[in-house]
Amino acid sequence: MNAATTVAASTYELPLFAAAPPSYGPTPRGSFVSGLVDNLAWTFNLDTREQALAEQLMFGRPLGALTRHFDVDAPTAARMCRELFVMTGADGREKLFELALRLSAIRAV
């Protein structure tokens, strides 16, 4: 069996891929998100680990990927996220992203 097969749908075909866990590689430095993290770090005086966590969150990494990236258990990763959210005043990763966007707009002026 191929890694990819197709199944006929009503008017088009959908590719089906072998079920494999997603691979989360390193986040690209110099990306748009990296610039957002730099603004958060400047505003909230984030240390290196907090910056890495913010970057992982804004790239959409799930909790399991955070536990592997930081080599911690799930409760510790969740605590790290809560502490970052409290520090920045965000109540989740979407609000953290919105905050970083607003900070970027302010600093660009």
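Observations on the structure shown:
- Evaluating Glu94 against the criteria (1) within 13 Å of the chain's Cα centre (by Cα); (2) part of a helix (DSSP H, G or I); (3) surrounded by 12 or more Cβ atoms within 10 Å (Cβ to Cβ) leaves one unmet condition, (3).
- Whenever a residue of the stretch 35-47 is aromatic (Phe, Trp, Tyr), its partners that are in a helix (DSSP H, G or I), lying with C-beta atoms within less than 7 angstrom and at least six residues away or across chains, give the pairs Phe44/Met87; Phe44/Thr88.
- Inside the stretch 30-47, residues that are among the polar types (S, T, N, Q), more than 12 Å from the chain's Cα centre (by Cα), over 12 Å from Leu101 (Cβ atoms) and surrounded by 13 or more Cβ atoms within 10 Å (Cβ to Cβ) make up a count of 2.
- Residues located in the stretch 51-102, provided they are of a type in the set (Gly, Ala, Ser) and touching a His at 6+ places or on another chain (Cβ under 8 Å): Ala52
- The set of residues from the stretch 57-78 being assigned to a loop (DSSP other than H, G, I, E, B) and among the basic types (Lys, Arg) comprises just one member, Arg61.
Values in this text are rule-based calculations from the coordinates and carry no lab data. Just so we're clear, the structure is a prediction, and the values are computed from it rather than from any experiment. A quick note on method: Cβ atoms are made from the backbone with ideal geometry, for glycine too, and the neighbour counts reach across all protein chains shown.
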